[in-house]
Amino acid sequence: MSEPASPTYPDEDEATEEAASSDRSTESQPTTGAEATVAALEAAGVEHVFGVQGGAIMPVYDALYDSDVTHVTMAHEQGAAHAADAYGQVTGEPGVCMATSGPGATNLVTGIADANMDSDPLVALTGQVPTDFVGNDAFQETDTIGITRPITKTNYFASDSDTVGDTVSEAFSLARTGRQGPTLVDLPKDVSNGETDAGVAEPDEEEAPPAAEPAAVEVAAEAVAEAERPLILSGGGVTKGEASEEVRAFATEYGIPVATTMPGIGTFPEDHELCLSWAGMHGTGYANMAISHTDCLIAVGTRFDDRLTGGVETFAPGAKVVHVDIDPAEISKNVHADYPLIGDAATVLEQLDEAMPAAPDAEAWRGRCQDWKREYPLTYDTPDDEPLKPQFVVEALDEMTDDDAIVTTGVGQHQMWAAQFWTYTEPRTYVSSHGLGTMGYGLPAAIGAKVAAPDREVVCFDGDGSFLMTMQGLSVAVRDSLDITVVVLNNRAIGMVRQWQDAFFEGRRMASEYPWIPDFETLAEAFGARGFTLREYDDVANVLEEAMEYDGPSVVDAHIDPAENVYPMVPSGGDNARFALSEDQL
């Protein structure tokens, strides 16, 4: 009996290569709609997702189990949306949040609306009841598409397991291109569970940045060159368009002073001699004076919202307006543009630079702006017989952090003090809620910012009212060992509302003050964070240093003067040049 032939084996290198190829093939060929969804995220380069589990989204979470995408489990869906929003602000790429159907989806709505108002790149994935149940008032069903249509760039109801990967890929592409903003994909459970043999979807390549019409640029450049009192207004679109370097180059080349909007904070270094800081309702007096007296306003990436302009009829009344914006819908929507330049901020500024026939003769104007800076400085008093001033706390923490430290805030008086008394020199370092004005934004935003930039310092300034709305996020920061420092500027009130009631409602403080408030130091410790209480000036440096040095989340409950108000202030709809420096001037 002959011996059986010896088995033959492929070359070891060939076997290894074939095995690797087989693994790649398995990884790149999703078999369900849920796997296609996750594969699309992977193809888009997504590294982190923020969310909360639930029934209808469970198949997508199951597909995440074997993925390299890191999921950050949040304590509330609103926090997931805010964390993803901040992640997108810091990285420049869309943040991704996930939630289940019904209350999970509706809890995302505030964060999606916030991202929409501020043109922040965000992708939301929501679970939905099976397709056959839609419209039958099934358990945890809600019309997510109908609810979110007004607050997204676009939204999608995924109807086919074979195309859901393409849909998610398209949603990611749209969130980051053109005027950035949130998109949403609603994922019925049967579509997520359904079988598919469709390949991995990849986002479309980003198109070349759009340029403005050359003829329009030429005319605008002549207007800037002929101006005697030119002023650059740098908005949030400068950050979104990665145009900070172009703004700085243009301003310094032609000696033009720069004011920013609140979303544009950091796009021009605030320690630069040409910088007038930010303008608007609580902006600096010198920025508002410059806007009110300029004869040529070069506005880049701003939608001229009412908190910036005050009364439109009194905004930059003697100025020819050069408006640079990527969205044609913003041109002359609120403020008439004499020279509309539609295109990418960085590209258009380079065009404008090339077209400039000469630098404007603005030496006297620059001197006048410096005079206003000396005349209307941001100041505050620190009497020994009054409680701790919040501005002092902000400045003290600014001095002990790096220039690239990221500041997040909630919304209210603390937000304004953090904007006024911290010196921002880099873009993407002031992360806040602007257009929607969402209390509770600060802590989840700090989580998103720290996940996005783990090697940078992250500080959250919050108010006691704002902190109470989303403080459950501390559980996330402790669980994931996120080194963030939260400073609660505690005045036992919804301070901005109280300030308005005193100024405009004859001091009738209805529902704005807290007769009782929890001990935030004790609560922080209960969560597993470090807690501190701060009341005295002499303790500020030591307490803040200890909080910053702690390797993990810390909370400083800073008891500040409850009577302290935010000034300057332009009354709603008022004239920016007539800002008040105290309540009796309102």
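The values are calculated or read from the model by the stated rules, or taken from the named source; none is laboratory data. Please read all numbers here as calculations on a predicted model, not as lab measurements. FYI the Cβ positions are ideal-geometry reconstructions off the backbone, even for glycines, and counts take in every protein chain you see.
Taking every residue in the range 251-263 that is on the phi > 0 side of the Ramachandran plot and pairing it with any residue that is at pLDDT 95 or above and part of a loop (DSSP other than H, G, I, E, B), at least 6 positions away or on another chain, the pairs with Cβ-Cβ distances below 6 Å are Gly255/Ala362.
Among the residues of the range 298-317, at least one is closer than 25 Å to Glu222 by Cβ and among the hydroxyl-bearing types (Ser, Thr, Tyr).
Residues Val487, Val407: which one is assigned by TED's automatic domain parsing to the domain that holds Pro515 and under 21 Å from Ser119 (Cα atoms)?
Numbers: Val487 fails: under 21 Å from Ser119 (Cα atoms).
Only one candidate qualifies: Val407.
Does Ala359 meet the test of being outside any helix (DSSP H, G or I), within 17 Å of Ala220 (Cα to Cα), touching a residue at least 40 places away in the same chain (Cβ under 8 Å) and among the small types (Gly, Ala, Ser)? In short, yes.
Among the residues examined, Ile256 qualifies as touching a Pro at 6+ places or on another chain (Cβ under 7 Å), assigned by TED's automatic domain parsing to the domain that holds Ala364, surrounded by 24 or more Cβ atoms within 10 Å (Cβ to Cβ) and of a type in the set (A, V, I, L, M).
With the range 472-586 as the region, which helices (runs of 4 or more DSSP H) entirely inside it contain at least 3 residues that are closer than 28 Å to Ile447 by Cα and free of Cβ contacts under 8 Å to residues at least 40 places away in the same chain? Before you say what the answer is, go through the steps one by one.
Details: elements: 474-479, 495-504, 520-527, 540-549.
In the range 472-586, 520-527, 540-549 are the helices (runs of 4 or more DSSP H) which contain 3 or more residues that are closer than 28 Å to Ile447 by Cα and free of Cβ contacts under 8 Å to residues at least 40 places away in the same chain.
Spot the failing condition for Thr438; the list is (1) under 23 Å from Val258 (Cβ atoms); (2) in contact (Cβ under 8 Å) with a residue 40 or more places away in the chain; (3) in a loop (DSSP other than H, G, I, E, B), and only one is missed. Only one criterion in (1) under 23 Å from Val258 (Cβ atoms); (2) in contact (Cβ under 8 Å) with a residue 40 or more places away in the chain; (3) in a loop (DSSP other than H, G, I, E, B) is unmet by Thr438, namely (1).
Picking from Asp143, Asp120, Asp132, Asp114, which residue would you name as being among the acidic types (Asp, Glu), over 20 Å from His76 (Cβ atoms) and at pLDDT 95 or above?
Values: Asp120 fails: over 20 Å from His76 (Cβ atoms); Asp132 fails: at pLDDT 95 or above; Asp114 fails: over 20 Å from His76 (Cβ atoms).
On inspection, the qualifying residue turns out to be Asp143.
Reported count of residues in the range 435-450, each being of a type outside the set (A, V, I, L, M) and surrounded by fewer than 24 Cβ atoms within 10 Å (Cβ to Cβ), is 2.
So which residues in the range 107-141 are aliphatic (A, V, I, L, M), part of a loop (DSSP other than H, G, I, E, B) and free of Cβ contacts under 8 Å to residues at least 60 places away in the same chain, if there are any at all?
Within the range 107-141, Val134, Ala138 qualify.
So is Asp66 outside the structural domain of Val478 (by TED's automatic domain parsing) and not in a helix (DSSP H, G or I) or not? Write out each step before concluding.
Working: outside the structural domain of Val478 (by TED's automatic domain parsing): yes; not in a helix (DSSP H, G or I): yes.
Criteria met by Asp66.
Of the residues making up the range 196-209, not a single one is modelled with pLDDT of 95 or more and not hydroxyl-bearing (Ser, Thr, Tyr).
Checking the conditions here, which among Ala99, Ala80, Ala39 is over 26 Å from Ala446 (Cα atoms), among the aliphatic types (A, V, I, L, M) and at pLDDT 95 or above?
Numbers: Ala99 fails: over 26 Å from Ala446 (Cα atoms); Ala80 fails: over 26 Å from Ala446 (Cα atoms).
The match here is Ala39.
Could you say whether any residue in the range 391-406 is closer than 20 Å to Arg498 by Cα and among the polar types (S, T, N, Q)? Scanning the range 391-406 turns up at least one residue that is closer than 20 Å to Arg498 by Cα and among the polar types (S, T, N, Q). For the range 423-434, which residues satisfy the criterion of being crowded, with 23+ Cβ neighbours inside 10 Å and touching an Asp or Glu at 6+ places or on another chain (Cβ under 6 Å)? Correct list: Tyr424, Ser433, His434.
Which residues, counting only those in the range 79-97, are outside any helix (DSSP H, G or I) and under 18 Å from Gln472 (Cβ atoms)?
The initial filter retains those residues of the range 79-97 that are outside any helix (DSSP H, G or I), namely 92-97.
Scanning the range 79-97 gives a single hit, Cys97.
Condition first: free of Cβ contacts under 8 Å to residues at least 12 places away in the same chain and not polar (S, T, N, Q). Can you find one or more residues in the range 59-79 that meet it? Yes - at least one qualifying residue is present in the range 59-79. In the set (1) in contact (Cβ under 8 Å) with a residue 24 or more places away in the chain; (2) surrounded by fewer than 24 Cβ atoms within 10 Å (Cβ to Cβ); (3) farther than 26 Å from Ala346 by Cβ, the condition left unmet by Thr144 is number (2). Selection of the range 205-221 for residues being surrounded by 15 or more Cβ atoms within 10 Å (Cβ to Cβ) and small (Gly, Ala, Ser) yields Ala211, Ala212, Ala216, Ala220, Ala221.
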